[in-house]
Amino acid sequence: MSIIHIENLSKTYASGVTALDGVSFDIQAGDFFALLGPNGAGKSTLINVLSSLVQKTGGKVAIAGHDIDTHSRQAKLHLGVMPQEINLGVFDKVLPILINQAGYYGVPKAIAKKRALDLLDRLSLSDKADQVTRSLSGGMKRRVMIARALMNDPDIIILDEPTAGVDIEIRQHMWDFLKDLNKAGKTIILTTHYLEEAEQLCDNVAIIDRGKLVCQSDMPSLLRHLDCEQFVLYLSEPLQNLPDIPELSIRQIDSLTLEVDVPRDLGISRCLYHLCKANILVQSLRNKTNRLESLFLKLTKREGL
Ligand code: ADP
């Protein structure tokens, strides 16, 4: 069942900027869905239209079957939204923030308190319940905002760049938490410009660029567009002359650094195997290209597919 229906959605701000230009797609119930796009693509605008923070200028949006123009209140009851900007009152304490949020949706206080304590526990924030948000780290504030988005027990959770600026350990913890929510049946929609995040979490993806839908796809099909990745390899020992390795397209940058193009069907371990056979030992490596950028280049036809 389609839980979100977006049809020909447009938004032109008063400044004259067209942030969304005739976007149409559907999201199915239970999906873990990524909205991908570079900065300024229109992702936040789209999310803000869904959550009624921004008035669309054209098109139609239905959430759980409720048209947001005619049944905005019913539509909102299905949504929990975590915005991109941290918007917690600096002198507000964590537990009251959560309980008050539930209050806006008419959740009785006793139920709200139980729900809040449970969420704080699952997000490893129990010891922060009585602290003012000013004393929390950025990662903790983001987790409080996730908890706040869940206080009305929504069936659709929208997160705008949930892990921006969050360190790797906390990011992993947040990912696990979101995966559990999805397994429990929640539809999750997130925006990100980290392809890795979308790849780790999401089943389906829409890419927008300059206000237009560039593609909608399941994740494995999308990744098939990345037919080749470039890696920088740092060698254990200096290499004088690069031997010919017919299986690999490889360039020597300096005596300790190589660059290699790794076709998707070869994979990095086969590549390392061929190097090892030629007595070239790799100390460490990194992705040379931003994979999401490569995808955009291909999908937006700035480079042929
Ligand atoms: P993203 O979330 O993908 O980075 P946004 O939706 O924030 O993209 O922005 C899309 C475009 O709309 C950008 O050109 C941005 O400058 C513009 N924009 C966003 N919000 C506003 C606003 N409140 N008023 C005018 N222009 C805006």
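The values are calculated or read from the model by the stated rules, or taken from the named source; none is laboratory data. None of these values were measured; they are calculated from a predicted model. In this analysis, Cβ positions are derived from the backbone assuming ideal geometry, glycine residues included, and neighbour counts consider all displayed protein chains. The accessibility values were calculated without ligands, DNA or RNA, using every heavy atom of the protein model including side chains. Shrake-Rupley method; radii C 1.70, N 1.55, O 1.52, S 1.80 Å.
Taking the Cβ of ASP218 as the center, what net charge do the other residues with Cβ under 11 Å away carry, scoring Lys and Arg +1 and Asp and Glu -1?
Working: positive: ARG224; negative: ASP31, ASP203.
Summing Lys/Arg as +1 and Asp/Glu as -1 gives -1.
Taking R0 as 30 Å, what FRET efficiency do you get between ILE245 and ASP180 from their Cβ-Cβ distance, rounded to the nearest 0.05? Let's see the in-between values first.
Numbers: r = 45 Å, r/R0 = 1.49.
Using R0 = 30 Å, I get an efficiency of 0.10.
Please compute the contact order of the chain in relative form: average sequence separation of alpha-carbon pairs under 8 Å and at least six residues apart, divided by the residue count, as a percent.
Details: 543 pairs, mean separation 58.4, N = 305.
Dividing the mean separation by the residue count of the chain yields 19 percent.
Just to be sure I understand: with springs between alpha-carbon atoms less than 10 Å apart, which residue in VAL232, VAL23, VAL61 has the highest mean-square fluctuation in the Gaussian network model of the chain?
VAL232
Build a GNM of the chain with springs between Cα atoms under 10 Å: which of VAL49, VAL17, VAL166 gets the top mean-square fluctuation?
Comparing VAL49, VAL17, VAL166 in a Gaussian network model of the chain, the most mobile one is VAL17.
With a probe of 1.4 Å, find how much accessible area the chain has per residue, and write the answer as a whole number in Å². Don't skip to the end; give the middle numbers.
On the way: 14970 Å² over 305 residues.
Roughly 49 Å² per residue, with all protein chains present.
For the range 228-299, calculate the relative contact order in percent as a whole number, restricting contacts to Cα pairs under 8 Å that are 6 or more residues apart. Spell out each step's value before the answer.
Values: 101 pairs, mean separation 32.1, N = 72.
That works out to 45 percent.
Reachable lysines from LYS128, Cα under 29 Å, same-chain residues fewer than 8 places away excluded?
Reachable lysines: LYS76, LYS93, LYS109, LYS113, LYS114, LYS141, LYS179, LYS183, LYS186.
If you add up the charges near VAL232, with Lys and Arg at +1 and Asp and Glu at -1, over every other residue whose beta carbon is less than 12 angstrom from its beta carbon, what do you get? If you can, show how the numbers build up before the last one.
On the way: positive: ARG251, ARG286, LYS288; negative: GLU229, ASP254, GLU259, ASP261.
Spelling it out: positives minus negatives among the neighbours equals -1.
When the chain is fully extended, how far beyond the present Cα-Cα distance does SER24 get from ASP92, taking 0.36 nm per residue of separation?
Values: separation 68, 0.36 × 68 = 24.48 nm, distance 3.93 nm.
That works out to 20.6 nm of additional length.
R0 = 35 Å: FRET efficiency of ARG291 with THR57, Cβ-based, nearest 0.05?
Details: r = 34 Å, r/R0 = 0.96.
Computed FRET efficiency for ARG291 and THR57: 0.55.
Net charge near TYR105, counting Lys/Arg +1 and Asp/Glu -1 over other residues with Cβ under 10 Å of its Cβ?
Numbers: positive: LYS76; negative: ASP153.
Neighbourhood net charge equals 0.
Express the carbon and sulfur contribution to the solvent-accessible surface of the chain as a percent, rounded to the nearest whole number, probe 1.4 angstrom.
On the way: 7360 of 14970 Å².
About 49 percent, which is the carbon plus sulfur part of the accessible surface.
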